[in-house]
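A short worksheet on the structure shown next.
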Amino acid sequence: MTDILKTIFESVLVGNKKGVSDGVQQAVDAGVDAGEILNKGLIAAMSEVGRRFEEGEYFVPEMLIAARAMSAGMEIIKPLLVKAGVETIGKVAIGTVKGDLHDIGKNLVGMMMEGAGFEVIDLGVDVTPDRFVEAARSGVNIIAMSALLTTTIPSMEATIKAIEVSNLRDSVRILVGGAPVTQAYAEKIGADGYAADASAAARKALEIVGRS
Ligand code: B12
């Protein structure tokens, strides 16, 4: 790994936002390929962050600042990636379900998925089943739903039904998560996957698109 990619990698690990954006800008100015900055710098670092989180070396705050630092770098290279036609590994539409305004976990999951190489469309909070259906129709590979309230998790089942009724169930995979959600609940409502945290969510998404 070149020195500049190493600097980017290490700046993401410690959540140094300025270090990441300066490093990415320097790499771009030096003519390093945007895909290489993405894969060897940003994505490689987020995968290491995920590993440290799973080993208990990192906790949510460390993961959050690393993800924010990674996003700062993404902002710089996104237009270049689009221009170069670098393909993302899949598209994810993520949102917090209807009636629910909690978005910290959802944002973290979205950032880790972005860090894993997905294009992430953030539908926001209080997302109705119809809005998820619309996203499914737009051609995303994965619909990811987050819920933090026991009173709002039924909206996940309602959304899956709405996707089925719209004949789109075969074209998208559905991931669910959030503190009150369990693997058993995910299976009961017919979701394709569940993960307990953002790192596992990104891994699950990779598994779903056959890239794990
Ligand atoms: C912060 C917070 C708020 C903030 C939200 C700010 C925001 N922008 O998100 C505010 C103050 C607005 C809020 C409001 C309310 N809250 Co609140 N809130 C919390 C709190 C303290 C932390 C949630 C959080 O951010 N956790 C940190 C993140 C990183 O974890 P996470 O969300 O679980 O996400 C992780 C995983 O679950 C998973 N994940 C999450 N989403 C997804 C999606 C997918 C697809 C996958 C695979 C994985 C995944 O990965 C994430 C990252 O690792 C919790 C308590 C708690 N300990 O959970 C209560 C809590 C969720 N709130 C609660 C309640 C009751 C409310 C209110 C109803 C309070 C009120 N009476 O007004 C309102 C509801 C508002 C609404 N309509 O949504 C209860 C819910 C009880 C229940 N079982 O239903 C809790 C559990 C507190 C409690 N013990 O009573 N809340």
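The values are calculated or read from the model by the stated rules, or taken from the named source; none is laboratory data. Source: prediction; values computed, not measured. In this analysis, Cβ positions are derived from the backbone assuming ideal geometry, glycine residues included, and neighbour counts consider all displayed protein chains. Ligands, DNA and RNA are stripped out before the accessible areas are found, and what is left, the full protein with its side chains, is counted by its heavy atoms. Shrake-Rupley method; radii C 1.70, N 1.55, O 1.52, S 1.80 Å.
Taking all protein chains as present, what is the carbon and sulfur share of the accessible area of the chain, in % to the nearest whole number, probe 1.4 Å?
The computed percentage sits at 52.
I'd like the accessible area for Leu149: 1.4 Å probe, protein heavy atoms, all chains in place, Å² to the nearest 10.
Roll a 1.4 Å probe over it and Leu149 shows about 60 Å².
Taking Rh as the Kirkwood radius computed over C-alpha pairs, what is the Stokes-Einstein D of region 47-107 at 25 °C in a medium of viscosity 0.890 mPa s, expressed in µm² per second?
D, rounded to a whole number, is 175 µm²/s.
Run through region 86-143 and list the GluC sites (Glu not before Pro) located in a DSSP loop whose Cβ has at most 12 other Cβ atoms within 10 Å. Provide the component values of the computation, followed by the final result.
Numbers: sites: Glu87, Glu114, Glu119, Glu134; in loops: Glu87.
For GluC sites (Glu not before Pro) across region 86-143 that sit outside H, G, I, E and B with at most 12 neighbouring Cβ atoms in 10 Å, the list reads Glu87.
Using only the alpha carbons, work out the radius of gyration and Dmax of region 152-212 in angstrom.
Answer for region 152-212, Rg first and Dmax second: 11.6, 31 Å.
Just to confirm, what accessible area per residue do you get for region 91-208 at 1.4 Å probe, in whole Å²?
Values: 5000 Å² over 118 residues.
Per-residue accessible area for region 91-208 comes out at 42 Å².
Is the shape of region 91-208 best called rounded, prolate or oblate, per the rule: a/c under 1.5 gives rounded, else a/b larger than b/c gives prolate, else oblate, with a ≥ b ≥ c the square roots of the Cα gyration tensor eigenvalues?
It comes out rounded by the Cα gyration axes.
Quick check: with the 1.4 Å probe, what order do Phe132, Phe59 take by accessible area, largest first?
Phe59, Phe132
Expected output is a single nm value to one decimal: the length gained when fully extending between Val82 and Asp33, i.e. 0.36 nm times separation in residues minus the C-alpha distance. What is it?
16.4 nm
Normalising by the residue count of region 87-126, find the relative contact order in percent from Cα pairs under 8 Å and 6+ residues apart.
Relative contact order for region 87-126 comes out at 61 percent.
Would you tell me the accessible area of Thr128, worked out with a 1.4 angstrom probe on the heavy atoms of the protein chains, in Å² to the nearest 10?
50
As a test of reading the structure, rank Lys98, Lys18 by solvent-accessible area (1.4 Å probe, protein chains only), most first.
My answer, sorted largest first, is Lys18, Lys98.
Given the protein chains as shown and a 1.4 Å probe, how many square angstrom of Ile89 are accessible, to the nearest 10?
40
Keeping all protein chains in place and using 1.4 angstrom, which order do Lys6, Lys91, Lys83, Lys188 fall into by accessible surface area, from largest down?
Lys83, Lys188, Lys6, Lys91
Could you run the Karplus curve 6.51 cos²θ - 1.76 cosθ + 1.60 with θ = phi - 60° over region 97-104 and give me ³J(HN,Hα) per residue in whole Hz, x for Gly and Pro?
Calculated HN-Hα couplings, in order: 5, 3, x, 10, 10, 6, 10, 5 Hz.
If you find the alpha carbon centre of region 136-178 and of region 87-122, how far apart are they in angstrom?
Comparing the Cα centres of region 136-178 and region 87-122, I get a distance of 13 Å.
In nanometres, what is the gap between the two model label sites at Glu207 and Asp3, each 7 Å from Cα along Cα-to-Cβ?
Result: 4.2 nm between the two label points.
For the chain, what is the Kirkwood hydrodynamic radius in Å, using each pair of distinct C-alpha atoms?
About 17.4 Å, per the Kirkwood formula over Cα pairs.
Would region 3-84 count as rounded, prolate or oblate if I go by the C-alpha gyration tensor, calling it rounded below 1.5 in a/c and otherwise prolate when a/b exceeds b/c, oblate otherwise?
On the way: a/c = 2.07, a/b = 1.99, b/c = 1.04.
Taking the square roots of the gyration eigenvalues as a ≥ b ≥ c, region 3-84 is prolate.
Leaving out ligands and nucleic acids, note down the accessible area per residue over region 3-84 with a 1.4 angstrom probe, in whole Å².
50
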